[in-house]
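**Student:** Got a structure here, written out as structure tokens. Questions coming.
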Amino acid sequence: MRRVSIFGATGSIGQNTIDLIARAPEEYEVVALTGASNIKQLAADAIALKAQVAVTADAALLPDLRDALQGSGVEAAAGAQAITEAASRPADWIMSAIVGAAGLAPGMEALRQGTTLALANKESLVCAGQLLLDTAATHNADILPVDSEHSAIFQALVGEPMDAVERIIITASGGAFRDWPLEDLPNATLAQASSHPNWDMGQRITIDSASMFNKAMEVIETERFFGVNPAMIEVLVHPQSMIHALVGFYDGALMAHVGPPDMRHAIGYALHHPARRHLPVERLDLAAIGSFEFRTPDEVRWPALRIAREVMDRGGLSGAVFNAAKETALDGFIAGHLKFTDMSDIVAATLDRLNAAGGHIDDMMTLDNVLEIDKLARETARAAILKTAR
Ligand code: NDP
Ligand code: MG
């Protein structure tokens, strides 16, 4: 039996992972499931999957979790520290699907134990990519990409030498506002930004898709994970979300990964890697689809893409600043303190501010320094939001 844990089990990726695991319960021993606010789901899944332990990030919800698990034999735990401790329990495979920088510490802990980390939590690569890769190398642990574009690139690279790669193209649906007139963007509402044309995902990544902060993160994720020069990475708007990424080789070949917009493909690939197993995803009927459309992304509509290039040029800990400022600006938009288009201004201002302050962005990439600059960037972004809020 393979020992598996799911971090962020109650979220969109977590639930898709559980869907796959629950289809073959005899193959898996579930070690830990973690969530935050959704205690009902967490407890129900932990009981159904006979997990050793269920952990909520919210310490105040421990009594509720205990109640919900009463008599089941599943242990209950709570708080950020308990989540990281759950990552230290022996397991063969861990799904890292917590949203935000909160996924970094448990992911690092899993790697330190030599556990294979299926990584949906792109924030940890953006914040501390080199640290994650170095930790994996030191402890002989694998990181498998789960983000659909990165799973696609990873699959296109099987058996290929990295030095034959000339370019990597990641596609973007363009999100909710792809075809909106530019002048309407400042008035976009939370409900409008929270609806994705193709993918069914958590609210935060859905809004990040509309602003292209998600794609900006993914460009950085590509640079970090595959170790390529930023100039080799291109973004292509592809409204149908069926080609997830393309890898161009120096003989002119482009290998495209084509599939339905269903995260169970990328999750399943990471779960069974290096084998391929039957997965319950739709088989595409290309003749019925008829045609695929592509466009060059517009950096006026999506300034996040330009900011990502600046972050890669700057290097150091600027990825952690970028991510923290983005998360804080997103909180500001969700709370109604910012207009949709203010988010990129807040992120750019935070990066400018912390660059000008000097020092910290060039500090060594350790977990403590990343968490420290994450905190500083959140404070800086919050101050910028207070100034902007209307
Ligand atoms: P969701 O918002 O659906 O789920 C997030 C999960 O994290 C939930 O289990 C939530 O618990 C938990 N959580 C929230 N805050 C904390 C915290 N502070 N500490 C610990 N756990 C917390 O997100 P998604 O599933 O959409 O995304 C998860 C990750 O995967 C993100 O990094 C995202 O970028 C990435 N990803 C997602 C894709 C998708 O299709 N959804 C595609 C590619 C990448 P609760 O719900 O109980 O509050
Ligand atoms: Mg993606």
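The values are calculated or read from the model by the stated rules, or taken from the named source; none is laboratory data. The model shown is predicted, which means the values in this text are computed figures rather than measured ones. So basically every Cβ, Gly included, is an ideal-geometry build from the backbone, and we count neighbours across all protein chains shown. Ligands, DNA and RNA are stripped out before the accessible areas are found, and what is left, the full protein with its side chains, is counted by its heavy atoms. Shrake-Rupley method; radii C 1.70, N 1.55, O 1.52, S 1.80 Å.
**Student:** Tell me whether the stretch 112-121 contains one or more residues that are more than 10 Å from ligand 1 (Cβ to nearest atom), farther than 25 Å from ASP313 by Cβ, of a type in the set (Gly, Ala, Ser) and over 16 Å from the mean Cα position of the chain (by Cα).
**Tutor:** Yes, because at least one residue in the stretch 112-121 is more than 10 Å from ligand 1 (Cβ to nearest atom), farther than 25 Å from ASP313 by Cβ, of a type in the set (Gly, Ala, Ser) and over 16 Å from the mean Cα position of the chain (by Cα).
**Student:** With within 14 Å of ligand 1 (Cβ to nearest atom) and open to solvent by 50 Å² or more (accessible area, probe 1.4 Å) as the only criterion, which of ALA60, ALA43, ALA9, ALA32 stands out?
**Tutor:** ALA60
**Student:** For residues that are within 15 Å of ligand 1 (Cβ to nearest atom), hydrophobic (A, V, I, L, M, F, W, C) and part of a helix (DSSP H, G or I), scanning just the stretch 191-211, find the one that is surrounded by the fewest Cβ atoms within 10 Å (Cβ to Cβ).
**Tutor:** ILE205
**Student:** Given the residues HIS244, HIS196, HIS265, HIS257, which is the only one that is modelled with pLDDT under 95 and not β-branched (Val, Ile, Thr)?
**Tutor:** HIS196
Residue-by-condition table, conditions (1) surrounded by 14 or more Cβ atoms within 10 Å (Cβ to Cβ); (2) farther than 19 Å from GLU123 by Cβ:
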{"residue": "ALA253", "(1), (2)": "no, yes"}
{"residue": "ASP262", "(1), (2)": "yes, yes"}
{"residue": "HIS273", "(1), (2)": "yes, yes"}
{"residue": "ARG277", "(1), (2)": "no, yes"}
{"residue": "GLU299", "(1), (2)": "yes, yes"}
{"residue": "MET312", "(1), (2)": "yes, no"}
{"residue": "VAL321", "(1), (2)": "yes, no"}
{"residue": "PHE333", "(1), (2)": "yes, no"}
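**Student:** Quickly run through the stretch 97-121 and pick out the residues that are closer than 20 Å to GLY268 by Cβ, open to solvent by 10 Å² or more (accessible area, probe 1.4 Å) and in contact with a helix residue (DSSP H, G or I) (Cβ under 6 Å, 6 or more places away or on another chain).
**Tutor:** ALA97, ALA120
**Student:** How do the pairs read when you match residues in the stretch 162-177 that are more than 14 Å from PRO197 (Cα to Cα) with residues anywhere that are open to solvent by 10 Å² or more (accessible area, probe 1.4 Å) and part of a loop (DSSP other than H, G, I, E, B), using Cβ under 6 Å and keeping only pairs 6 or more apart or on different chains?
**Tutor:** ALA164/TYR250; GLU166/TYR250
**Student:** Still on this structure, I have one more. Restricting to the stretch 122-150, and then to whatever is part of a loop (DSSP other than H, G, I, E, B) and aliphatic (A, V, I, L, M), can you tell me which residue is nearest to ligand 1 (Cβ to nearest atom)?
**Tutor:** Among those that are part of a loop (DSSP other than H, G, I, E, B) and aliphatic (A, V, I, L, M), it is VAL146.
**Student:** In the stretch 212-237, what count of residues is obtained for those that are within 16 Å of ligand 1 (Cβ to nearest atom) and not aliphatic (A, V, I, L, M)?
**Tutor:** 8
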